[in-house]
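The values are calculated or read from the model by the stated rules, or taken from the named source; none is laboratory data. Owing to the predicted nature of the structure, the values given are computational and were not obtained by experimental measurement. Glycine also receives a Cβ, built like all others from the backbone with ideal geometry; neighbour counts cover every protein chain displayed. The area values use the complete protein model at the heavy-atom level, side chains included, leaving out ligands, DNA and RNA. Shrake-Rupley method; radii C 1.70, N 1.55, O 1.52, S 1.80 Å.
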Amino acid sequence: MLMGGGAAEPKAPVETDPWLPTGAPMAAEIPRPPANPACSFDGRVCVHPAPGVSPAVARKALAALENAYRKLVDVLQLPAPLTDGGLGGSNALDLYLNADGSGALRSEHDAPEVTRFDSASAFCVLDGPALLERQATVCVGEAIAWRLDAGTTPAVRRGYAAHLWHIVGSPTALDDEELDDAQLHPELGLLRGALLFDLLDERRGQGHLAALGTALLGAAASKTAPNAWQWDNEPDVFDVLRHTLGDTPRKMAEVMGDLAVTRAFMDSRVRFDWSLPLSSLPRRVASQRAIYPTGSMYVWLGLDQPMQGETLAFQAEWEAPVTFYWTLVVVDAAGNELRRIAAPFKERATHVEQQLVNLEGAVGVIVVGMNLGGVDLAHPFDPDVTPAEPHECTVYLTKL
């Protein structure tokens, strides 16, 4: 279960293909900068201003870090970041603040804890005092992720932390830019910014803020051998999600397809590959960009003429070995979903057909196709298998 209490049960070994990667490199990419701590009164967080950072900016950064820690740990009751044993001059979570730079935030781990599961303390480096409230929250969020599952992929870790910011903070220009960029490129998948965790929380959350994402990360924790050069991120968050759905490929496909449809109705609208009028049918169109795992293709069919009892026929084809999940969504004049119908899901297929009738009151149909990824049936989508391979697809629409 995702939401359980008590001690975690020992996990059975996960069989992996020796030819496929299991996680990101274990070696730290950036060393801890020199310590120059300015710490909170309770000793839970410290800011280390580099030369050139004014005392006023350092105080603002410390206040932002204190506020983020309080919201995530004290209010949301998320697990506190692990203490670092004095590596930053104290046991506090450390944020190293540079005087200038791009405003990018990076988190890094210390030596993993000797426990049953991969867990590590962490620190953050912020290149310039930009968006302090946001970046401080992401810093604390990533430090929590390092504790929950040190072996998770960087994209998942950042997505979880950004999701926490969306819960406790106010959207910034950077958040809007990240979302707009992700929606402009739906073919690149859901592991962009907080998109995956935001959509899962909207569709599958039970009303407890941040609980679903936190439970997924905690349940995905594994144990990497001390002499390994890469993290053993098996199971990953997608494995956990599949397991909670009974390890049924159809159910996992339905959940992922639902996320793809939900994405189409976000405030920041997704890019459509094609916009076709009904009067132009029959038409066959190809995806304008190759689609990566968890990425989607969207086609808009505008009903510019009455159907008059006719049936809309849909057909899609795609490249092996991946599977696509296709949904037809009927939309009204206000842009709301009237109903949807999923095309038959076939694990081994590269072709699917579906018919749609009764389009009264509709102004259009959205065709949504998601690439579920995976190497083969025995190896479903794994975020650690990089570089990911994109695939092409085509959509055919006609009236019968």
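Points to keep in mind about this one:
- Å² per residue, accessible surface of region 86-235 at 1.4 Å: 37
- Normalised Debye scattering of region 304-385 at q = 0.11, 0.12, 0.16 Å⁻¹ gives log10 I(q)/I(0) of -0.38, -0.44, -0.68, counting only Cα atoms as equal scatterers and leaving out solvent.
- Largest accessible area first, the residues SER54, SER296 order themselves as SER54, SER296 under a 1.4 Å probe with ligands, DNA and RNA left out.
- For region 322-400, the residue among VAL331, VAL395, VAL385 whose Cα projects farthest onto the positive side of the dipole built from Cβ charges is VAL331.
- Dipole magnitude of the chain, debye to nearest 20 (Cβ charges: Lys/Arg +1, Asp/Glu -1, about Cα centre): 480
- Here region 260-275 is scanned for amide nitrogen atoms under 11 Å from the site 7 Å beyond the Cα of GLU337 along Cα-to-Cβ, giving 260-266.
- A dipole drawn for region 143-198 from +1 and -1 charges on Cβ atoms has a positive end, and of GLY169, THR153, LEU195 the residue lying farthest that way is THR153.
- Most to least packed among 81-90, 302-311 [average Cβ atoms within 10 Å]: 81-90, 302-311
- DSSP beta bridges in region 83-232 [antiparallel fraction, %, rounded to 5]: 50
- Highest-first arrangement of 56-66, 24-34, where packing means the average Cβ count within 10 Å: 56-66, 24-34
- For region 30-45, 3J(HN,Hα) per residue [Karplus equation, 6.51 cos²θ - 1.76 cosθ + 1.60, θ = phi - 60°, Hz, x = Gly/Pro]: 10, x, 5, x, x, 6, 8, x, 10, 10, 5, 5, 8, x, 8, 9
- Working note: 222 nm ellipticity from helices only, DSSP H runs with n ≥ 4, each -39,500 (n - 2.57), summed and divided by the residues of the chain, gives -8000 deg cm²/dmol to the nearest 500.
- Evaluated at q = 0.12 Å⁻¹, a Debye calculation over the C-alpha positions of region 42-115 (equal weights, vacuum) places log10 I(q)/I(0) at -0.37.
- Apportionment of accessible area to carbon and sulfur, region 44-125, percent (1.4 Å): 55
- Percent accessible area from carbon and sulfur atoms, region 306-400, protein chains only, probe 1.4 Å: 51
- Cα-Cα P(r), region 85-192, percent of pairs per 5 Å interval: 2, 12, 19, 22, 21, 13, 6, 3, 1
- Sorting the segments 39-47, 260-268 by their mean number of nearby beta carbons within 10 angstrom, highest to lowest, gives 39-47, 260-268.
- Taking amide H as placed 1.01 Å from N in the peptide plane, GLY364 has its amide H under 5 Å from the amide H of LEU303, VAL331, each at least 5 places away in sequence or on another chain.
- Once divided by 2.2 N^0.38 Å, the Cα radius of gyration of the chain becomes 1.08.
- Here LYS60 is the anchor, and the lysines within straight C-alpha reach of less than 18 Å, apart from those fewer than 8 places off in the same chain, are LYS71.
- Under 18 Å from LYS346, Cα to Cα: lysines that are on another chain or at least 8 residues apart: LYS251
- Hz values of 3J(HN,Hα) by residue in region 75-90 - Karplus curve (6.51, -1.76, 1.60), Gly and Pro given as x: 8, 7, 6, 7, x, 6, x, 5, 6, 9, x, x, 5, x, x, 7
- Taking the centroid of alpha carbons for each part, region 321-400 and region 98-117 are 38 Å apart.
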